[in-house]
1. Check every one of the helices (runs of 4 or more DSSP H) wholly within the stretch 31-145 and list those with 1 or more residues that are charged (D, E, K, R), surrounded by fewer than 17 Cβ atoms within 10 Å (Cβ to Cβ) and more than 10 Å from the ligand (Cβ to nearest atom).
2. Based on this model, can you work out whether residue 3 counts as over 30 Å from residue 154 (Cβ atoms), among the basic types (Lys, Arg) and open to solvent by 40 Å² or more (accessible area, probe 1.4 Å)?
3. On the given criteria, is residue 165 in contact with a Pro (Cβ under 8 Å, 6 or more places away or on another chain), more than 24 Å from residue 27 (Cα to Cα) and of a type in the set (A, V, I, L, M)?
4. Considering only residues of the stretch 196-218 that are out of contact with any helix residue (DSSP H, G or I) (no Cβ under 7 Å at 6 or more places or on another chain) and small (Gly, Ala, Ser), which is surrounded by the fewest Cβ atoms within 10 Å (Cβ to Cβ)?
5. Of the residues that sit in the stretch 6-17 and are out of contact with any strand residue (DSSP E or B) (no Cβ under 6 Å at 6 or more places or on another chain) and assigned to a helix (DSSP H, G or I), which one is least open to solvent (accessible area, probe 1.4 Å)?
6. Quick one: how many residues across the stretch 219-244 are in a helix (DSSP H, G or I) and either touching a helix residue (DSSP H, G or I) at 6+ places or on another chain (Cβ under 7 Å) or open to solvent by less than 40 Å² (accessible area, probe 1.4 Å) (or both)?
Amino acid sequence: MTRSIGVDAALDPDLARLLTQARSVVVLTGAGVSAESGVPTFRDAQQGLWARHDPMALATPEGFARDPALVWDWYQWRRELIANTAPNPGHRAIAELAERIPDLVVITQNVDGFHQLAGSGTVLELHGNIQRSICSRTRRDIPPSWLHEHADRSPVPSPHHPHGLARPDVVWFGETLDEVVLGDAFAAAQRCDLMIVAGTSGVVHPAASIPVVAVEHGARMIEINPVESELSQLAEWHLVGPSATWLPRLVEILVE
Ligand code: BV8
């Protein structure tokens, strides 16, 4: 039975005890934790000139093959958006939790790099990082200097292959995740006693199965989201509201 707690309600003493006694914690984040930084969530990422494009079509190898310039420009637009925003109190609270909990692993579906910028050490980036670019043929890193030299081009040719193009170092729909990162994520989920899930709809797999594995291995789960998600039925507590409000409140419990 999930206990829902609104931002104006007092925190449940059982939840406070669980958090203070937790020895191994996993925090799984989705686009919702960057929403209050001004980075639109994946499903509402389309604004302005991008309103007519479906991100599910752009974030795929087929989309890139069909129109590499369009997809490259879309990622350049998102990079610009991210460059003009910053981590929010939710990201910083997760970094503070790690200072107080011996074994805390951040697993993120996000590609903005904000957890690292906010001070989190160990961050498992399931879906890569938009700030890095690779060759579409060899998958070798492409240095920012090369992109700068070819900033007037779209798509940008790759330095590593005559038919290669620069693409973001992210996992597109239909592409497999890095097996080492995914293995580390499932290992963390299997050993944790507390799984905190913040800002995710729980729609995208295999990320969405990480909390399932944690709970199957005995972890208790707290969800932070303004609304219900596909994962809510796994949660003992649903902290209803924004992550930039709730995550600092969890830190306050440990500071008291
Ligand atoms: C793979 C990088 C092998 C790109 C992304 C099993 C079942 C069903 C489908 C599949 C399955 N296995 C594989 C699939 C297919 C597919 C998939 O999951 N499809 C879904 C859509 C059904 N998965 C894959 O293709 C994966 N690859 O499994 O390889 C394979 C391949 C094919 C077939 C079988 C096996 C690769 C998935 C990775 C895709 N790449 N990102 C890019 O960013 O451009 S995922 C992308 O979507 C983003 O990274 C983002 O993280 C994610 C969307 O999820 P959320 O993060 O949850 O964001 P969303 O907008 O959905 O929700 C935001 C939430 O925040 C909401 O709940 C909202 O209420 C909440 N919120 C809002 N404001 C706040 C808030 N919460 C807190 N505070 C707030 N202020």
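The values are calculated or read from the model by the stated rules, or taken from the named source; none is laboratory data. As the structure is a computational prediction, the values presented were derived from the model and not from experiment. All Cβ positions, even for glycine, are placed from backbone atoms using ideal geometry, and neighbour counts span all protein chains on display. Just so you know, the surface numbers come from the protein's heavy atoms only, side chains and all, with ligands and any DNA or RNA stripped out. Shrake-Rupley method; radii C 1.70, N 1.55, O 1.52, S 1.80 Å.
1. Passing ranges, in order: 61-66, 68-83, 89-100.
2. The answer is yes for residue 3.
3. yes
4. 218
5. So, considering only residues that are out of contact with any strand residue (DSSP E or B) (no Cβ under 6 Å at 6 or more places or on another chain) and assigned to a helix (DSSP H, G or I), the one least open to solvent (accessible area, probe 1.4 Å) is 16.
6. The qualifying residues number 4.
Residues are listed down the side, and each one gets a yes or a no for (1) within 11 Å of the ligand (Cβ to nearest atom); (2) of a type in the set (Gly, Ala, Ser); (3) closer than 20 Å to residue 3 by Cα; (4) in the same structural domain as residue 96 (by TED's automatic domain parsing):
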position	(1), (2), (3), (4)
196	no, no, yes, yes
209	yes, yes, no, yes
219	no, yes, yes, yes
232	yes, yes, yes, yes
247	yes, no, yes, yes
256	no, no, no, yes
